[in-house]
Amino acid sequence: MGGSGPLGRAGLALLLMAAGAGARPRPAAPGDQPRSNVVLVACDSLDGRLTFFPGNQTVDLPSINFMKRHGTVFLNAYTNSPICCPSRAAMWSGLFTHLTESWNNFKGLDPDYVTWMELMEKHGYHAQKFGKLDFTSGHHSVSNRVEAWTRDVDFLLRQEGRPMVKLTGHKKHVRVMEADWQNTDKAVNWIKEEAVNHTQPFILYLGLNLPHPYPSPYAGENFGSSTFLTSPYWLEKVNYEAIKIPKWPSLSEMHPVDYYSSYTKNCTGQFTKEEVRNIRAFYYAMCAETDAMLGAIISALQDTGLLGKTIIIFTADHGELAMEHRQFYKMSMYEGSSHVPLLVMGPGVREQQQIPNVVSLVDIYPTMLDIARIPVPQNLSGYSLIPLLRGEAESEVSPRGPRPSWVLSEFHGCNVNSSVYMLRTGKWKYIAYSDGSSVPPQLFDLTADPDELTNVAITFPVILHSLDKILRSIVNYPRVSSSVQEYNKQQFISWKQSLGHNYSSVIANLRWHQDWLKDRKKYENAIDKWL
């Protein structure tokens with residue numbers, strides 16, 4: 001998001017000025033109680049449907065269940081972009097993806113962007129963060145960005161290893177994802193050694209890699225991450241009987257964008273039911289390990305007497321399809337990919353509350369400011385969750401009026417050959433593509449069809465039209481799609497020029513190398529034609 005983008009430094013200054021001008025400070029809690037501590041645990045790729053019935057029947061998640069008993073679970077929480085960096089950019093900025101121009105895993109926020117954590121620190125909070133952040137520009141592999149830039153090129157190449165499972169260790173092997181456990185240990189130690197001595201409130205962030213699948217070295221040098229890895233200890237937490245084997249349409253019946261996604265994710269081959277069940281089981285076991293890390297944080301707060309003074313928020317950047325719709329990974333608006341967990345517990349939060357309202361990750365920013373009693377800027381995309389968590393009528397407390405009855409998610413990255421926009425409202429999920437006419441839209445009735453197997457776009461033209469009208473009132477999506485196409489082309493051209501004579505060799509050996517090397521000339525020509 002360069003200084004020329006819609007929210008460069010000048011825009012940022014305006015945003016922060018709004019915090020002093022148009023925004024109203026939150027009234028202090030009764031009796032002017034001290035501000036709560038906050039802990040945010042954000043994992044990677046956890047399907048939000050596992051946090052409530054019937055998804056919660058598949059795997060034992062005791063820490064999530066503890067949060068549900070002592071707090072609130074959101075039944076319809078969504079990512080604003082189902083891929084790591086753009087999703088996190090939305091969470092840390094409070095702004096929709098098209099406003100920050102976080103188009104792919106390489107393009108996030110400017111490093112000097114003022115996040116809610118920095119504002120909280122400025123207003124007297126002790127701030128500490130451990131683990132995965134991934135919301136600024138310049139990260140992820142060259143493959144990842146080149147695949148995103150070239151998605152409009154007329155070719156089909158497998159960009160991932162075939163999804164597979166791998167069992168490691170023994171029945172007492174707990175710490176499978178060691179890097180995550182080490183960051184969890186750091187956070188636990190910080191709570192026990194530092195947070196406990198603070199007189200001012202604190203904000204602690206822990207970012208986990210799990211349950212994101214692991215790298216697949218067998219796929220060659222530039223491999224993706226298609227290995228679902230766990231130990232027998234975690235696999236025992238999974239209820240195999242409750243695992244649903246997803247229904248797949250035939251390849252010829254798939255939506256054209258779904259076919260592209262399935263092909264580039266190496267999922268169009270034959271898979272036995274046993275393979276699919278195992279992939280799902282191993283994924284759920286990885287979710288159980290994630291839950292244990294959340295549990296370690298809750299225990300540390302309990303042991304130090306801080307639990308009653310701390311608001312805990314648990315969420316994820318996006319979900320994981322785990323072979324639903326013949327895909328693994330995310331990059332899709334289907335529920336497995338776009339529906340995220342969101343649980344909150346702590347002072348002032350209603351216990352055993354299930355909230356059906358649609359919410360999304362941009363709501364984290366205003367919620368954090370609200371907890372810290374910092375005036376909330378008027379031009380954020382998100383709305384504070386505090387009124388919902390306290391069971392208050394929203395229009396009474398928000399100068400912006402009530403929260404909208406919709407959420408927006410959008411996707412502009414790799415493994416999908418079109419910009420995608422999802423509007424979720426009531427029982428409907430509307431998915432629009434590209435310019436709104438060149439790719440057929442999708443409409444799902446999630447009440448009648450929770451597995452999203454029947455596109456009813458043609459059956460309900462009036463509803464489709466009204467949802468498209470709402471979507472266009474939020475974002476001029478044909479224009480955004482066009483600017484992403486232009487951005488992709490320009491980025492690719494400057495990357496190609498930077499390589500000089502090495503271009504042919506470098507592009508041939510990215511993640512798609514196994515397909516590319518079969519017909520190098522054909523694929524290079526397809527790129528030349530696109531340029």
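Just to be sure, is residue 385 under 21 Å from the mean Cα position of the chain (by Cα) and under 16 Å from residue 332 (Cα atoms)?
No, not satisfied.
With respect to residue 157, determine if the residue is under 21 Å from the mean Cα position of the chain (by Cα), under 30 Å from residue 492 (Cβ atoms), crowded, with 16+ Cβ neighbours inside 10 Å and aliphatic (A, V, I, L, M). No; evaluated as a whole, the condition is false for this residue. Applying a threshold of 7 Å to beta carbon distances and a minimum spacing of six or more residues, or different chains, the list of pairs starting in the stretch 162-180 at a residue that is over 17 Å from residue 209 (Cα atoms) and ending at one that is open to solvent by 50 Å² or more (accessible area, probe 1.4 Å) reads 171/233; 172/233; 173/233. Please go through the stretch 347-364 and give me each residue that is over 16 Å from residue 81 (Cα atoms) and buried (at least 20 other Cβ atoms within 10 Å of the Cβ), ordered by number. Selection gives 349 alone. Restricting 490, 485 to residues that are open to solvent by 60 Å² or more (accessible area, probe 1.4 Å), under 20 Å from residue 157 (Cα atoms) and out of contact with any strand residue (DSSP E or B) (no Cβ under 8 Å at 6 or more places or on another chain) narrows the list to 485.
Residues that are out of contact with any Lys or Arg (no Cβ under 9 Å at 6 or more places or on another chain): list the strands (runs of 3 or more DSSP E) wholly contained in the stretch 154-267 that include at least 2 such residues. I'd like the intermediate steps shown before the answer.
Details: elements: 164-167, 202-207, 227-230.
Result: 164-167.
Annotation note: of 341, 377, 356, 347, the sole residue that is modelled with pLDDT under 95 and of a type outside the set (Asp, Glu) is 377.
Listed here are the residues, each with its yes/no results for (1) loosely packed, with under 13 Cβ neighbours inside 10 Å; (2) more than 30 Å from residue 117 (Cα to Cα); (3) under 22 Å from the mean Cα position of the chain (by Cα).
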{"residue": "228", "(1), (2), (3)": "no, yes, yes"}
{"residue": "242", "(1), (2), (3)": "no, yes, no"}
{"residue": "250", "(1), (2), (3)": "yes, yes, no"}
{"residue": "254", "(1), (2), (3)": "no, yes, no"}
{"residue": "260", "(1), (2), (3)": "no, yes, yes"}
{"residue": "266", "(1), (2), (3)": "no, yes, yes"}
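Exactly one residue out of 88, 69 is open to solvent by less than 10 Å² (accessible area, probe 1.4 Å), of a type in the set (Lys, Arg) and touching a residue at least 40 places away in the same chain (Cβ under 8 Å), and it is 88. The set of residues in the stretch 514-525 being out of contact with any Ser or Thr (no Cβ under 9 Å at 6 or more places or on another chain) and open to solvent by less than 60 Å² (accessible area, probe 1.4 Å) consists of 515, 516, 523. Residue count for the stretch 272-309 satisfying the condition of being open to solvent by less than 30 Å² (accessible area, probe 1.4 Å), in a loop (DSSP other than H, G, I, E, B) and either β-branched (Val, Ile, Thr) or within 29 Å of residue 158 (Cα to Cα) (or both): 0.
Looking at residue 86, is it at pLDDT below 95 and closer than 26 Å to residue 447 by Cα? Before the answer, list the steps.
On the way: at pLDDT below 95: yes; closer than 26 Å to residue 447 by Cα: no.
No: the conditions fail for residue 86.
All but one of (1) over 23 Å from residue 382 (Cα atoms); (2) touching a helix residue (DSSP H, G or I) at 6+ places or on another chain (Cβ under 9 Å) hold for residue 428, so report the exception by its number. Residue 428 satisfies every listed condition except (1).
For residue 380, indicate whether it is part of a loop (DSSP other than H, G, I, E, B) and buried (at least 24 other Cβ atoms within 10 Å of the Cβ). Lay out the reasoning, then the answer.
Values: part of a loop (DSSP other than H, G, I, E, B): yes; buried (at least 24 other Cβ atoms within 10 Å of the Cβ): yes.
For residue 380, the condition - part of a loop (DSSP other than H, G, I, E, B) and buried (at least 24 other Cβ atoms within 10 Å of the Cβ) - is met.
Inspection of the stretch 383-404 identifies no residue that is outside any strand (DSSP E or B) and under 26 Å from residue 152 (Cα atoms).
The values are calculated or read from the model by the stated rules, or taken from the named source; none is laboratory data. This is a predicted model, so every value here is computed, not measured. All Cβ positions, glycine included, derive from the backbone under ideal geometry; neighbour counts span all protein chains shown. Remember, those area values only see protein heavy atoms, side chains included, never the ligands or the DNA or RNA. Shrake-Rupley method; radii C 1.70, N 1.55, O 1.52, S 1.80 Å.
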